[in-house]
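The block underneath contains the structure these notes are about, expressed in structure tokens.
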Amino acid sequence: RLTKDWLEKWCKTPANMAELMCQHSVETTVEPNPAVIDPKVIIGRVLTVRPHPEAQKLQITTVTIGAESELEIVCGCPSVKEGMVVPVATIGSRLPGGKIKQSKLRGVTSAGMLCSLQDLGLAEKSNGLYPMPETAPIAMSFADYIGQSKELFDFEITPNRGDCFSVLGVAREIA
């Protein structure tokens, strides 16, 4: 099982790739990628961090996501720092843990969520927010940034096609 973006790092994939693969080499089906990250999760930069007035373990952050206004997000992660670039789940985003809604946490309105890889469903366990490179483009969809495709190709490779047991082998076959 390979994603389209993974294959495209090695070769160009035609629009009817699954059909061509079925006709000429191995049985291939196209499925929706179950691990797709919501496009409303975007890259943001933490501008300010201040302690929450009513909770010791919470902090209030101001985050820019490239829009005209900045978001105020309550965060419980102790690793959050000013200037940090992180994935931001905006209101309406769907994450494995549920849908992000505007909420009040101890009297302060939070307009989203700063995310770890665990929050995004990309890791079983996480030690804090996912720090991204300073060069990551603010306001870009996180899924687009990491190159996450909505399509997943499932190849039924038979034992006599050992050359297709890797991404490079499948890419050679496609090319």
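Per-structure values
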item: Whole-number accessible area per residue in Å² for segment 19-175, which is evaluated in the context of all protein chains at 1.4 Å; result: 57
item: Hz values of 3J(HN,Hα) by residue in segment 154-159 - Karplus curve (6.51, -1.76, 1.60), Gly and Pro given as x; result: 10, 9, 8, 8, 7, x
item: Karplus-derived HN-Hα couplings along segment 14-25 (A = 6.51, B = -1.76, C = 1.60, θ = phi - 60°), whole Hz, x at Gly and Pro; result: x, 4, 9, 4, 4, 5, 5, 5, 5, 6, 10, 8
item: Charge sum, other residues only, whose C-beta stays under 9 Å from G92's C-beta, Lys/Arg counted +1 and Asp/Glu -1; result: +3
item: Relative contact order of the chain, defined on C-alpha pairs under 8 angstrom at six or more residues apart (%); result: 32
item: Accessible-area composition of segment 60-168, carbon plus sulfur, in percent [1.4 Å probe]; result: 50
item: Where trypsin sites (Lys or Arg not before Pro) in DSSP loops with at most 15 other Cβ within 10 Å are excluded, longest remaining stretch of the chain; result: 13-56
item: Loop GluC sites (Glu not before Pro), segment 131-165 (other Cβ atoms within 10 Å of the site Cβ: 12 or fewer; DSSP); result: E134
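The values are calculated or read from the model by the stated rules, or taken from the named source; none is laboratory data. Fair warning: this is a prediction, and the values are worked out from it, not measured in the lab. Here the Cβ is made from the backbone with ideal geometry for all residues, glycine too, and neighbour counts use every protein chain on show. Surface accessibility is based on the protein's heavy atoms, side chains included, excluding ligands, DNA and RNA. Shrake-Rupley method; radii C 1.70, N 1.55, O 1.52, S 1.80 Å.
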